[in-house]
Each structure stands twice: as C-alpha cells, then as structure tokens.
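As structure tokens, the structure follows; a few thoughts come after it.
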Amino acid sequence: MGSLDGRLIVLGATGFVGGHVVGIARTLGWEVLGLSSRDLDLTSPTGVETLSKILRDGDTVVHAAAVVPARNSVDVSQNLLMTQSVVDAILGHEIAQLVVVSSDAVYGSESGVVTEASTCSPDSMHGIMSLAREMMCSEVKVPVFTIVRPSAIYGVGDTHNSYGPNRFISQMFDSGEITIFGEGASTRDHVFIDDVADVIVRAITGRNSGVINIASG
C-alpha cells in the first residue's frame, strides 16, 4: 500500500477506529506511535504541553480521540476540549498531514445519499460536535489536511452497541430476537471497520487533502 516518511501518530489508539488504523499501519512496517487516554489526557491542563513534546516535524497525525457517540453537552465539551489541545500542541511543529476522524452525522439524520458536496446541517449533538472538531482543526496550518466522515461503523471490537449490525448481532446472541426500529422502513448506511481504517491509511499514503465520505448510498 506504500511507505510513509516520518512517524504516524494516532490519537485515540485504543478506540474502535484508531486501533484498527494502528493495526494496518504496523503491518505495513510504518513507525507508529499510538496514544490513548492512558498515555495522554488531552482534557487536562498539561495535555497540550505533553503532546507538543511528543510531536516531531514530519509526523503524520490521525486525530481519532473522542467520546463517541456524543449524546449530551458534557460529551460535546469534552470532545472540543481534546481537539483544542490537539490544535494547540501542533502549533510550532511542521506536521506533514493531519487526518481528522469525523462522522457523516455532520450532514444530518435524513435518509438518502450524500456526497462530499452536500450541505452540512447537523441535527444531533454528535453531528454538531463532529462539525465543530473539523472547523477547529481546519485552523491548523499543515500541507495536507484530511477529514474523513464515516457512516455508522460496524465490526469486531465495537463497544457502542449502536443501532444496526452491531446491536442486531448482540441481540441475536443475547435473546435470539432482533428489534427493528420504525418497522424497518428507515434506511441507514453502515460501513465495516476494516474498510474505514483502510481508507484512512490510503488517504495517508496518497496524501489526499479534503473531505472523504466513507461511504453513502
């Protein structure tokens, strides 16, 4: 899939997305530094200084650190605090690429196909938080700035038990009965976690700037 000049720094490395990105990158032989909340508390007053000391010029940073899904104002504020720490820590460093793991919730909850040109109109706490993280990170001066917006993600290792394949599987094992919302009339996009991580890694090897939806329709 290609080599990488410099290190790959993954924030949120033990999370659902971050962990899979770390796994793929290491199989490719990249130099990877995965940081979780156990290694670095981005909500603490010392988080900025600690991360700034870790970063080096030429690093590629994947910002996957987040409280997800953000269900209330406390979750939103925690996410924005972490993101502000990332933005402040990068200042003064010549980062090669910043990848922000966002969400298709920035487009709102209406069913239908969206593209990267679709208008962002979040109507949930999670969507508002995701768009705010994107806007904050866009202030960082980096040669390559990438935003990835996955739809609902399913796969092994998910801890959210969100509606869709993950919950259906757990219900099947727990009770043998699957509960469908709205008599099955609503449609929602879902994407496999390995595909999400694969697209992120390919966006890094290709140094792809801009917004990448994963995926709609």
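The values are calculated or read from the model by the stated rules, or taken from the named source; none is laboratory data. Keep in mind it's a predicted model, so treat the numbers as computed, not measured. Every residue, glycine among them, receives a Cβ derived from its backbone with ideal geometry; neighbour counts consider all protein chains shown. SASA here: full protein model, heavy atoms, side chains in, ligands and nucleic acids out. Shrake-Rupley method; radii C 1.70, N 1.55, O 1.52, S 1.80 Å.
Some values worked out for this structure:
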item: From the options G182, G176, residue that is free of Cβ contacts under 8 Å to residues at least 24 places away in the same chain, open to solvent by 40 Å² or more (accessible area, probe 1.4 Å), part of a loop (DSSP other than H, G, I, E, B) and at positive phi; result: G176
item: Filter result for A117 (on the phi < 0 side of the Ramachandran plot, outside any strand (DSSP E or B) and either open to solvent by 70 Å² or more (accessible area, probe 1.4 Å) or touching a Leu at 6+ places or on another chain (Cβ under 8 Å) (or both)); result: yes
item: Residue match in the range 70-90 (condition: open to solvent by 50 Å² or more (accessible area, probe 1.4 Å), closer than 27 Å to V156 by Cβ and not in a strand (DSSP E or B)); result: yes
item: Residue match in the range 7-14 (condition: open to solvent by less than 60 Å² (accessible area, probe 1.4 Å), in contact with a Leu (Cβ under 9 Å, 6 or more places away or on another chain) and of a type in the set (D, E, K, R)); result: yes
item: Residue check for S102: in contact with a Lys or Arg (Cβ under 7 Å, 6 or more places away or on another chain), small (G, A, S), open to solvent by 10 Å² or more (accessible area, probe 1.4 Å) and within 30 Å of K53 (Cα to Cα); result: yes
item: Residue list for the range 106-139, filter: hydrophobic (A, V, I, L, M, F, W, C), at pLDDT below 95 and touching a helix residue (DSSP H, G or I) at 6+ places or on another chain (Cβ under 8 Å); result: V114
item: Selected residue (criterion: nearest to G2 (Cα to Cα)) from residues of the range 31-47 that are open to solvent by 40 Å² or more (accessible area, probe 1.4 Å) and touching a helix residue (DSSP H, G or I) at 6+ places or on another chain (Cβ under 6 Å); result: D41
item: In the range 146-173, the residues that are under 14 Å from the mean Cα position of the chain (by Cα) and open to solvent by less than 50 Å² (accessible area, probe 1.4 Å); result: T146, I147, V148, R149, P150, S151, A152, I153, D158
item: Breaking point among (1) part of a helix (DSSP H, G or I); (2) open to solvent by less than 80 Å² (accessible area, probe 1.4 Å), for K53; result: (2)
item: Verdict on G18 being under 21 Å from G155 (Cβ atoms) and either in a loop (DSSP other than H, G, I, E, B) or free of Cβ contacts under 8 Å to residues at least 60 places away in the same chain (or both); result: no
